[in-house]
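Comments concern the structure below.
The values are calculated or read from the model by the stated rules, or taken from the named source; none is laboratory data. On a predicted model such as this, the values are computed, not experimentally measured, just so you know. FYI the Cβ positions are ideal-geometry reconstructions off the backbone, even for glycines, and counts take in every protein chain you see. Side chains included, ligands, DNA and RNA excluded: accessible areas come from the protein's heavy atoms. Shrake-Rupley method; radii C 1.70, N 1.55, O 1.52, S 1.80 Å.
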Amino acid sequence: MIRTTPFHDRTSALNQTGLWQHWSGHLAANRYQISDKFEYFAVRNGVGIFDTSPLYKYRIAGRDAERFLAGMLARDIRTCPPWHAQYTTWLDERGFVLEDGVIQHRGPDEYLLTAAEPNYAWFADRIGRLSVTIEEVSLDIGALAVQGPRSRGLLSRMVPTVDELPFFGITTGTIGGRPVAVSRTGYTGDLGYEIWVETPDALTVWDTLWDAVDGHGVLPYGMAALYMLRIEAGLLLLGADFDSSRFAFNDAHRSTPLELGWAWMFKGLEDDDRPFIGRRALLSERAEKTSRWRMVGLVVDWEDYDRVYTDAGLIPPKDHRPVHEDWMVYDDERARVGYATSFMYSPILQRHIALARVRPDLARPGTRVFLEFTVDHRYQQVAAHVARLPLYNPERKTA
C-alpha cells in the first residue's frame, strides 16, 4: 500500500505535472512545475517548501538515552546540548557505514532520530538492560523543509525565536495555534529550517504557512530539485553516493566514514572514551592510513568539455538533471584512480560538477584528474580538478 503524507491534500493540489515517485512507501512529488529548475531557483533565490514527512523517525527516551546513543552513534552525542541537532552516522563492527541521519536533542532525556531507511530493529535490539525506550513515530509527525535566503524572514513572522536560532539549533512555538518544533536543518546547503508537527495538526500548519508566503518568492519543490541542490551542497545520498553496509554484497560497496569525508565528526577521538560500535576499526583506519578513497568534489574544465563535443560536431550539453551512476576518474597517466557517483551541470555555478571518490593522495583541492563519459557511444576523458566540498556554500547558511 502506498501511503500519502499528512500534507498530501495540499501538495497534490499544487502538483501541476502529476508526477510522483515513491519514497519510503509514500508518494513524493517529483516536481510541481513543468521546469524543476524553476523550483531549484526558488530555493536559491527565495524560499522553497519541501514535504520531508516520509523520513523515518524514532523517539528515544529514558534516563540512559544519552549513554545508549553514545554507544550506538559514531559521532559523540554528548557534545549535542538540549535543543540542538547533530548530523551523525552509525557503523557496523568493521567500521563501515550503516546509515547517516540527524538526531535532535529534544530535552534532558529525549531525542528524535531521523533516517532515510528503517532502523528500528537495529537500535531496539541493542538496548539490553539500559533504561531506554525507542518508539517509531514516523507516521505521527509531519515535517516541512522551508529552505532559501528568505526562509528566516518568512518563519520568524510566525515563530519569532527562529530569528535568533543558530545553525542546527531547535526552537518551539505555534503556527496557526498548533504546537511545532523548528530546527535549523535541511538538505539544500542553504539557509533553511524544518518544521516538525503532529500529524493531526499538519494541514492547519500548512495553511497558515501558505497564507504568509506573499512577497517571499515561495514555491513548493520536489525530489528533482532536491537532488540538484544536495549535489552542490556536497550532501551524500544513500543508494547513490554510498550504500548501507547492511545490504552490500561485498566491501567494494561498503564505505567508512573517513572515506565519505566525515573525518570532521571524529576530532579528538583518541580522547573520547566511548566504546561505540565500529570504534576500533575507525581508530585502526586512521592510524594505519588504510582508507581506500576520499569523497571530494570535481569541477569539470569547461573548455575541454566543450572541445570534446565540438570535435564530434555536437552542441555541448548543459544538463542540470543529476546523473546517479559510476563515471570513472583517471590521473595524468590515465590510470583509474576513482569514480564519480553524482554528476550534473550546476545552474548557479555554471559548471559541470560531480561528487567523486578518489585515491587519498589525489584528494588535495586543485589536483587535476580526468572524468570519463561517452560521446557518440565512445569513451572520452575530460579534464577536471578536485575541489573541496561543499561546492556551493553561501555564508547565509550558518550566519
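Which pairs turn up if I take residues in region 68-96 that are charged (D, E, K, R) and look for partners that are assigned to a helix (DSSP H, G or I) and open to solvent by less than 20 Å² (accessible area, probe 1.4 Å) with beta carbon separation below 7 Å, at least 6 apart in sequence or on another chain?
If the second residue must be assigned to a helix (DSSP H, G or I) and open to solvent by less than 20 Å² (accessible area, probe 1.4 Å), the pairs left are R75/M265; D76/A70; R78/A70.
For region 88-133, enumerate the residues that are over 24 Å from S284 (Cα atoms) and β-branched (V, I, T).
V102, I103, T114, I127, V132, T133, listed by residue number.
Look through region 332-341, keep the residues that are closer than 24 Å to L389 by Cβ and in contact (Cβ under 8 Å) with a residue 24 or more places away in the chain, and return whichever of them is most open to solvent (accessible area, probe 1.4 Å).
So, considering only residues that are closer than 24 Å to L389 by Cβ and in contact (Cβ under 8 Å) with a residue 24 or more places away in the chain, the one most open to solvent (accessible area, probe 1.4 Å) is D332.
For region 345-356, indicate whether the set of residues that are open to solvent by 80 Å² or more (accessible area, probe 1.4 Å) and in contact with a Leu (Cβ under 9 Å, 6 or more places away or on another chain) is non-empty.
There is at least one residue in region 345-356 that is open to solvent by 80 Å² or more (accessible area, probe 1.4 Å) and in contact with a Leu (Cβ under 9 Å, 6 or more places away or on another chain).
Residue-wise test of (1) part of a strand (DSSP E or B); (2) more than 19 Å from the chain's Cα centre (by Cα); (3) crowded, with 17+ Cβ neighbours inside 10 Å.
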residue: T161; (1), (2), (3): no, yes, no
residue: W196; (1), (2), (3): yes, no, yes
residue: D214; (1), (2), (3): no, yes, no
residue: A240; (1), (2), (3): no, no, yes
residue: R246; (1), (2), (3): no, yes, no
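Take P322 and tell me if it is closer than 26 Å to R44 by Cβ, within 22 Å of the chain's Cα centre (by Cα), open to solvent by less than 30 Å² (accessible area, probe 1.4 Å) and not acidic (D, E).
In short, no.
Determine whether T172 is modelled with pLDDT of 95 or more, part of a strand (DSSP E or B) and open to solvent by 30 Å² or more (accessible area, probe 1.4 Å).
yes
Conditions first: (1) within 19 Å of the chain's Cα centre (by Cα); (2) part of a loop (DSSP other than H, G, I, E, B). G313 passes all but one, so which condition is the exception?
(1)
Here are the criteria: (1) open to solvent by 40 Å² or more (accessible area, probe 1.4 Å); (2) in a loop (DSSP other than H, G, I, E, B); (3) not β-branched (V, I, T). Tell me which single one G189 does not satisfy.
It is condition (1) that G189 fails.
Looking only at residues in region 278-290 that are in contact with a strand residue (DSSP E or B) (Cβ under 8 Å, 6 or more places away or on another chain) and in a helix (DSSP H, G or I), which one is surrounded by the fewest Cβ atoms within 10 Å (Cβ to Cβ)?
Taking the candidates together, the pick is A281.
Among the candidates V308, V329, V296, single out the residue that is surrounded by 16 or more Cβ atoms within 10 Å (Cβ to Cβ), under 17 Å from Q380 (Cβ atoms) and within 31 Å of the chain's Cα centre (by Cα).
Only one candidate passes the filter, namely V329.
Which condition number in (1) open to solvent by 40 Å² or more (accessible area, probe 1.4 Å); (2) touching a Gly at 6+ places or on another chain (Cβ under 8 Å); (3) within 24 Å of G101 (Cα to Cα); (4) of a type in the set (S, T, Y) is the one that T208 fails?
Of everything listed in (1) open to solvent by 40 Å² or more (accessible area, probe 1.4 Å); (2) touching a Gly at 6+ places or on another chain (Cβ under 8 Å); (3) within 24 Å of G101 (Cα to Cα); (4) of a type in the set (S, T, Y), T208 misses just condition (3).
Can you find a residue that is over 19 Å from the mean Cα position of the chain (by Cα), among the aliphatic types (A, V, I, L, M), over 25 Å from V382 (Cα atoms) and surrounded by fewer than 15 Cβ atoms within 10 Å (Cβ to Cβ) anywhere in region 254-277?
no
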